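Only one structure is covered here, and it is reproduced in the block below.
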Amino acid sequence: SVATRIATDADVAAIRQVINAAFVVERPIFDNDRIDDAGVRDYMAKGKFLLHEEPAGNLIACVYLEVSNGLCYLGLLSISPEHQGKGLAPQVMSVAEDFARKANCHTIWLRTLSARTPPLRSFYERFGYKLVEMAPLPPIFHPKISCQFVVMEKRLA
């Protein structure tokens, strides 16, 4: 079984490794690693990473959650490549949504990249997320190919 806990500063390197391994599929869009240790710490200053670990304590998945005014942003959903396709994502999503509900959020939202292959919109639609808008990337992003944010949300009962 998989244990879940909130990340601490001691987890930064492991989080970076899992995110970069999972996001290697974005290399056709962006050249560099998805995140570095400083980037992980920046996220941790604003929200929480929920970690999913094997019994041996190895990090196999993580997701970032940031709560604000009844909304919960879900980002950086990352499952280590060797654990992808094994039914872990529904568990990660369920725990994330429970976290949001406990934080009194009425809506959970996320964004993915339109140019990502395979695209993730249909993946999130299976969990009840609906398309809100297609939004331009901020100027700090420098994609190699044309790309937009696919913004999606789900109402939490």
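The values are calculated or read from the model by the stated rules, or taken from the named source; none is laboratory data. Values in this document were obtained by computation on a predicted structure and should not be read as measured data. Because the Cβ atoms are built from the backbone with ideal geometry, glycine has one as well, and the counts that use them run over all protein chains shown. To get the accessible areas, we keep the full protein, side chains included, count just its heavy atoms, and leave off ligands, DNA and RNA. Shrake-Rupley method; radii C 1.70, N 1.55, O 1.52, S 1.80 Å.
Worth a mention:
- Single residue of segment 93-126 satisfying the filter (part of a helix (DSSP H, G or I) and hydroxyl-bearing (Ser, Thr, Tyr)) that is farthest from LYS144 (Cα to Cα): SER94
- Filter result (exposed (fewer than 15 other Cβ atoms within 10 Å of the Cβ), over 22 Å from ASP33 (Cβ atoms) and among the hydroxyl-bearing types (Ser, Thr, Tyr)) within segment 116-145: SER122
- Of all residues in segment 53-92 being open to solvent by 70 Å² or more (accessible area, probe 1.4 Å) and in a loop (DSSP other than H, G, I, E, B), the one that is nearest to VAL2 (Cα to Cα): PRO55
- Residue among ALA61, ALA10, ALA3 that is over 28 Å from LEU156 (Cα atoms) and among the hydrophobic types (A, V, I, L, M, F, W, C): ALA10
- Which numbered condition LYS86 misses (of (1) of a type in the set (Lys, Arg); (2) closer than 26 Å to PRO118 by Cβ; (3) modelled with pLDDT of 95 or more): (3)
- Lone qualifier among ASP33, ASP42 - being touching a helix residue (DSSP H, G or I) at 6+ places or on another chain (Cβ under 6 Å), open to solvent by 60 Å² or more (accessible area, probe 1.4 Å) and without any contact (Cβ under 8 Å) to a residue 24 or more places away in the chain: ASP33
- Filtered by the rule that a residue be open to solvent by less than 40 Å² (accessible area, probe 1.4 Å) and among the hydroxyl-bearing types (Ser, Thr, Tyr), segment 93-115 gives THR107, THR112.
- Qualifying position, being in contact with a strand residue (DSSP E or B) (Cβ under 6 Å, 6 or more places away or on another chain) and not polar (S, T, N, Q), among PHE141, PHE149, PHE127: PHE149
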